[in-house]
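Below is one structure, written out as structure tokens; the observations come after it.
The values are calculated or read from the model by the stated rules, or taken from the named source; none is laboratory data. These figures come from a predicted structure and were not determined experimentally. Cβ atoms come from the backbone with ideal geometry, glycine included; neighbour counts cover every protein chain shown. Surface accessibility is based on the protein's heavy atoms, side chains included, excluding ligands, DNA and RNA. Shrake-Rupley method; radii C 1.70, N 1.55, O 1.52, S 1.80 Å.
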Amino acid sequence: MEERMKKRVFSAIQPSGMLTLGNYLGALKNWKNMTEDFECIYAVADLHTITVRQDPAAFRKQIYNTCAILLAIGIDPENVTLFKQSSVAGHSQLSWLLSCYTQFGELSRMTQFKDKSLKHADNVNLGLFAYPTLMAADILLYNADLVPVGADQKQHLEITRDIATRFNHIYGDVFTIPEPYIPKTGARVMSLQDPTSKMSKSDENVNAWVAILDKPEDIMRKFKRAVTDSDNKICVAEGKDGINNLIGIYSAITGKTTEQVVNEFEGKGYGDFKTAVGEAVVEELRPIREKFDLYISDKKQLEDIYFKGAEKADYIARRTVSKVMKKIGFVR
Ligand code: TRP
């Protein structure tokens, strides 16, 4: 396998709705940081999104929004391969090929499939079932060394490794076996209204989550109303989920350790703390929203940037698909 100067990272995000502060602090901020140390390939995973039925107009808008947000957070398309999954045919091609090396039984054990098929009981389609094979194709197409994944995608990375190992076992050293990458910083952002559950854009209570594109006054309102506890002491402790969450958010934004945050607010009340966290979030997201507005107002430029990224990705993807087909026994 080819030697690389830097390790290669692959990750992707679905354009499935409003991106939240949780997506930003849990993943996207690290996407940007990783570009300093690694060769990064990032995709907007639009093919994955149609495993759940989408309204065409809303879907289109979400794709543009997601594309613009990735640029707005500062991912530099000159330095990173940034593209839409559907623009590179190799994803669909390799997905089919790999599906013939993926067992029905192992896909049936995927917890996300079980959860989603309960949630969308009227549309338990083949794509939803085969979702992990497409994800394996995403990663293996580029022979990624590292894949940053949250807890909810860990099982999918495991199956990717299993599929790659199985394929290599039959045909020799074809795929790099990807490792999970756990970033040094980053927060698992919890709901502001029920801090025992993850912040989610599907939460009906809009005060429970902050969108990356929320206006400052909305962000402040949501933080001021954040659910905490009654002992009015800012520290990390069992049962203080609300405060723990706010400390985590503040620390992920400022880069301060938990201890430093606790010291900074010693003797202060929850009101002051919530305001400080809200303001930190407002200031962090302000430039992102401003840049987003610029990118989204020029669709042509946005398309051009992503098209260029797709050309770079396609160059690598084609070679992998050819190699895999040749190994299997296809002829030219
Ligand atoms: N399934 C991932 C999610 O919903 C997105 C994704 C698609 C992905 N392909 C990937 C993540 C490859 C990492 C690597 O979050």
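A few points about this structure:
- Any hit, segment 208-223, residues being more than 16 Å from the ligand (Cβ to nearest atom), more than 27 Å from Lys114 (Cβ to Cβ), at pLDDT below 95 and loosely packed, with under 15 Cβ neighbours inside 10 Å: no
- For Ala68: the one exception among (1) more than 16 Å from the ligand (Cβ to nearest atom); (2) in contact with a Phe, Trp or Tyr (Cβ under 7 Å, 6 or more places away or on another chain); (3) open to solvent by 30 Å² or more (accessible area, probe 1.4 Å): (3)
- Matching residues, segment 171-184, being open to solvent by less than 40 Å² (accessible area, probe 1.4 Å) and away from the ligand (no atom under 12 Å from the Cβ): Gly172, Val174, Phe175, Thr176, Pro183
- Assessment of segment 252-265 against the conditions (of a type in the set (Ser, Thr, Tyr), open to solvent by less than 40 Å² (accessible area, probe 1.4 Å), free of Cβ contacts under 8 Å to residues at least 40 places away in the same chain and in a helix (DSSP H, G or I)) yields no matching residue.
- Among all positions in segment 159-170, there is no residue which is in the same structural domain as Ala310 (by TED's automatic domain parsing), within 16 Å of the chain's Cα centre (by Cα), under 17 Å from Ala45 (Cβ atoms) and near the ligand (Cβ under 10 Å from one of its atoms).
- The helices (runs of 4 or more DSSP H) falling completely within segment 1-96 that include 2 or more residues that are more than 27 Å from Glu179 (Cβ to Cβ) map to 56-72.
- In the condition set (1) under 25 Å from Gly255 (Cα atoms); (2) away from the ligand (no atom under 16 Å from the Cβ); (3) modelled with pLDDT of 95 or more; (4) not basic (Lys, Arg), Ala187 is compliant with all but (3).
- Residues that are among the polar types (S, T, N, Q) and closer than 19 Å to Lys323 by Cα, drawn from segment 144-181: Thr160, Thr165, Asn168, Thr176
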